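Working notes, beginning with the structure itself.
The values are calculated or read from the model by the stated rules, or taken from the named source; none is laboratory data. Predicted model only: the values in this text are computed from it and were never measured. Every residue, glycine as well, gets a Cβ built from its backbone with ideal geometry; the counts of neighbours run over all protein chains shown. Just so you know, the surface numbers come from the protein's heavy atoms only, side chains and all, with ligands and any DNA or RNA stripped out. Shrake-Rupley method; radii C 1.70, N 1.55, O 1.52, S 1.80 Å.
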Amino acid sequence: QVQLVESGGGLVQPGGSLRLSCTVSGSIGSIIVMGWYCQAPGKQRELVAVINSGGSTNYADSVKGRFSISRDNAKNTVYLQMNSLSPEDTAVYYCYVNVNWRNYWGQGTQVTVSS
């Protein structure tokens, strides 16, 4: 059993910053990939950023230069630092991990960017 606990969402003004965290616990063998997806109302879930066990990253074009993903392997935690937020970033953000070649999702955390 693998559990994901997310934190860090909330309401922020345009131009502001937020940091999301996701900690993985349970029957963890090898965490292959960790990352974040988002889903805005009426839209499909889409990639925000992912990071693999070697530290290589991949970002959606819309967040390049504004968001930064990192991971602490000792804590089984992945972070998403989000800067220069705009209303278009408003969505539910889901943590994603691939553990032992199986996919797991967090419950989602709401990020709202509004003045």
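Diagonalise the Cα gyration tensor of region 1-69 and give the resulting equivalent ellipsoid semi-axes, square root of 5 times each eigenvalue, largest first, whole Å.
23, 16, 13
Can you pull the one-decimal nm distance between simple spin-label points at Ala40 and Ile28, each 7 Å off the Cα toward Cβ?
3.2 nm
Pop out the carbon and sulfur fraction of the accessible area of the chain as a percent, whole number, probe 1.4 Å.
Values: 2720 of 6040 Å².
Carbon-and-sulfur percentage of accessible area, whole number: 45.
Could you tell me what percent of the DSSP beta bridges with both partners in the chain are antiparallel, to the nearest 5?
So the antiparallel bridges amount to about 95 percent of the total.
Using Cα pairs closer than 8 Å and at least 6 residues apart in sequence, work out the relative contact order for the chain, in percent.
Averaging sequence separation for qualifying contacts and normalising by length gives 36 percent for the chain.
With r defined as the distance between the Cβ atoms of Ser84 and Ser21 and R0 fixed at 25 Å, what FRET efficiency is calculated, to the nearest 0.05?
0.80
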